[in-house]
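Okay, so here's the structure we're looking at.
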Amino acid sequence: MKSIVIVGAGECGARAAFGLREKGYEGEITLIGAEPHLPYERPPLSKEGLVDAQGPKHVAELDRYQSARITVLTDAPVEGIDRGERTVRVADGRKLSYDRLLLATGAKPKSFPGQPENAPLVRVLRTHADAAAIRMKLAPGSTLAIIGGGFIGLELAATARKLGAEVVVLEGLPRVLSRGVPEEIAAVVAERHRLEGVDIRCNARIAGIEMREKRALIQLGDGDSLVADLVVVGIGAVPNTALAEAAGLVVDNGIAVDETLCTSDPNIFAAGDCCSFPLGHYGGRRIRLEAWRNAQDQGTLAAANLLGAAEPINSVPWFWSDQYDLTLQIAGLAEGAVTVVRRDLGDGAFILFHLDASGRLISASGIGKGNAVARDIRLAEMLIAAGKRPSPQALGSTETKLKALLAA
Amino acid sequence: MTDNWIEVCAANEIDEEDVIRFDHEGRTFAVYRSPDDEYFATDGLCTHEHIHLADGLVMDDIIECPKHNGRFNYKTGQAKGAPVCVNLKTYPVKVEAGNVFIAVV
């Protein structure tokens, strides 16, 4: 094999590129990104990165790509894949040949019906450029309206409060963090935001957004309205599948891959936010994840499998979020749980364990100050991966160390 | 450097295969007890985002950062892959009369 091309220079693509060298591959590696930056970490964009207002935090600096002989093309959107001649076409006209291709094209923010286009006061948060534009509008006395009470929206709310802005969060559902976060934990997060002065409005309907001079007027479904200096829409993301679709690859809520991350073309793999995959620990259920750890894990796995290792996906979904001094961590998927056990760790920190009908641990969600829940969530992740059926009593009592349950 | 031995704690205050945080004169360290009952010390903060490693998980000779799962061999300080690429500094440790000491240099 002489040439591997990676389309998408985010966390996942960068991880895969370095992973190929770590696995001993000696051929060409070309990592192609549409943004003007080297691959950078996206998680800080809604958190401390927004406060620092520094440049993006690179996954690796240029010298590391150079010494690993990885060619990074920035500002280079890919326009097409020719699977017959095995080439990708870059916007500037260049054609690159591949023996194996990895699609790590990520996801893009969803918009809502009627969302104004090209409106500088109505933004999303996905890229460093998005963050920089948002940062300019956050100051004491300004008002930020966030549409969507998910991770991005709430992390941004916490950061905006830190910068002194007034914040309103408009959530369409009856509570925040309804996707994947247990209600008991979401309630802790919502309460903290209220204490910090964030106006969270659930069951909100957006009837329309109009521009009024230098501000945005949001008309709500209940007849109320509010004026904001900036509106940020954070209502989820959709996978970037256009390239794959145009090339005739199977797409099913993301570029469909098998358990080895291989697409419907044996020479093309996909990994990270852009792909949907069967999750072994959960009966082969097809899911798609938008998560930093998943991007890393799948990038590393893709590197091995591009080289023919045929290793199956074996990781447990894991997410985290930082808001104020609180950190929330979730391992596994709670859907299908019949038993919930609470473990209190002191100083308000706690973990909820979810077990299925057979007693198997399928998920653990924790919240606390700093890294109070981190160690136990990591152990829970290992218990989930090992298919353990720990006793609810043991999970609920800090007398029992989770490490002991792992050995049992 | 043997002049700089600093007492950390009683040896039995660290569980086997575990870690504690130790702060001294404005610096922070992580002090480990391995599964085979040896003691080690490293800088206390992860080289990725300055998180206290003592909140992380010790498995065999690996400490894993609680925040982003950066992994280090705490015996050698070696970074074990993404997201960490800078090794941890390690410090000499001794146990005397049931107490753990580290040599801060």
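The values are calculated or read from the model by the stated rules, or taken from the named source; none is laboratory data. Keep in mind it's a predicted model, so treat the numbers as computed, not measured. Methodologically, a virtual Cβ is constructed for each residue, glycine included, from the backbone with ideal geometry; neighbour enumeration extends over all protein chains shown.
At-a-glance table
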| read-out | value |
| --- | --- |
| Residues of the stretch A:295-319 satisfying the condition of being touching a residue at least 24 places away in the same chain (Cβ under 8 Å) and not aliphatic (A, V, I, L, M) | A:Q296, A:Q298, A:G299, A:T300, A:N305, A:E311, A:P312, A:N314, A:S315, A:P317, A:W318, A:F319 |
| Meets criteria (of a type in the set (V, I, T), within 18 Å of A:K137 (Cβ to Cβ) and not assigned by TED's automatic domain parsing to the domain that holds A:C12) for A:V189 | no |
| First in the stretch A:320-345 and within 12 Å of chain B (Cβ to nearest Cβ), second anywhere and among the hydroxyl-bearing types (S, T, Y) and surrounded by fewer than 22 Cβ atoms within 10 Å (Cβ to Cβ), Cβ under 8 Å, 6 or more apart | A:L345/A:T398 |
| Spans of helices (runs of 4 or more DSSP H) in the stretch A:360-408 with at least 3 residues within 14 Å of chain B (Cβ to nearest Cβ) and out of contact with any strand residue (DSSP E or B) (no Cβ under 9 Å at 6 or more places or on another chain) | A:402-407 |
| Per-region count, the stretch A:127-162, residues within 30 Å of A:A9 (Cβ to Cβ) and surrounded by 18 or more Cβ atoms within 10 Å (Cβ to Cβ) | 22 |
| Total residues in the stretch A:262-314, condition assigned to a loop (DSSP other than H, G, I, E, B) and either within 18 Å of the chain's Cα centre (by Cα) or of a type in the set (S, T, Y) (or both) | 8 |
| Meets criteria (at positive phi and either out of contact with any Asp or Glu (no Cβ under 7 Å at 6 or more places or on another chain) or surrounded by fewer than 15 Cβ atoms within 10 Å (Cβ to Cβ) (or both)) for B:A97 | yes |
| Residue count for the stretch A:185-208, restricted to those that are free of Cβ contacts under 8 Å to residues at least 12 places away in the same chain and aliphatic (A, V, I, L, M) | 2 |
| All positions within the stretch A:26-56 that are out of contact with any Ser or Thr (no Cβ under 7 Å at 6 or more places or on another chain) and surrounded by fewer than 18 Cβ atoms within 10 Å (Cβ to Cβ) | A:E26, A:E48, A:D52, A:A53, A:Q54, A:G55 |
| Residues (farther than 16 Å from B:D43 by Cβ, among the charged types (D, E, K, R) and within 14 Å of chain A (Cβ to nearest Cβ)) located in the stretch B:58-105 | B:D60 |
| Members of the stretch A:372-405 that are among the hydrophobic types (A, V, I, L, M, F, W, C), over 28 Å from the mean Cα position of the chain (by Cα) and closer than 21 Å to B:V19 by Cβ | A:A404, A:L405 |
| Counted residues, the stretch B:44-58 - those being of a type outside the set (D, E, K, R), surrounded by 17 or more Cβ atoms within 10 Å (Cβ to Cβ), assigned to a loop (DSSP other than H, G, I, E, B) and over 9 Å from the mean Cα position of the chain (by Cα) | 5 |
| Matching residues, the stretch A:355-371, being more than 22 Å from the chain's Cα centre (by Cα) and surrounded by 15 or more Cβ atoms within 10 Å (Cβ to Cβ) | A:L355, A:D356, A:R360, A:L361 |
| Residue in the stretch B:25-43 that is more than 11 Å from every other protein chain (Cβ to nearest Cβ), in contact (Cβ under 8 Å) with a residue 12 or more places away in the chain, in a loop (DSSP other than H, G, I, E, B) and β-branched (V, I, T) present | no |
| Complete set of residues in the stretch A:46-70 that are within 14 Å of another protein chain (Cβ to nearest Cβ), closer than 16 Å to B:P83 by Cβ and not small (G, A, S) | A:K47, A:E48, A:K57, A:H58, A:V59, A:E61, A:R64, A:Y65 |
| Only listed residue being of a type in the set (D, E, K, R) and either within 17 Å of the chain's Cα centre (by Cα) or not assigned by TED's automatic domain parsing to the domain that holds A:T260 (or both), chosen from A:R89, A:R64, A:R15, A:R94 | A:R15 |
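Residue-by-condition table, conditions (1) touching a strand residue (DSSP E or B) at 6+ places or on another chain (Cβ under 7 Å); (2) at pLDDT 95 or above; (3) more than 30 Å from A:F350 (Cβ to Cβ); (4) not acidic (D, E):
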residue: A:P174; (1), (2), (3), (4): no, yes, no, yes
residue: A:L177; (1), (2), (3), (4): no, yes, no, yes
residue: A:E184; (1), (2), (3), (4): yes, yes, no, no
residue: A:V189; (1), (2), (3), (4): yes, yes, no, yes
residue: A:H193; (1), (2), (3), (4): yes, yes, no, yes
residue: A:E196; (1), (2), (3), (4): no, yes, no, no
residue: A:C202; (1), (2), (3), (4): no, yes, no, yes
residue: A:E210; (1), (2), (3), (4): yes, no, yes, no
residue: A:G221; (1), (2), (3), (4): yes, no, yes, yes
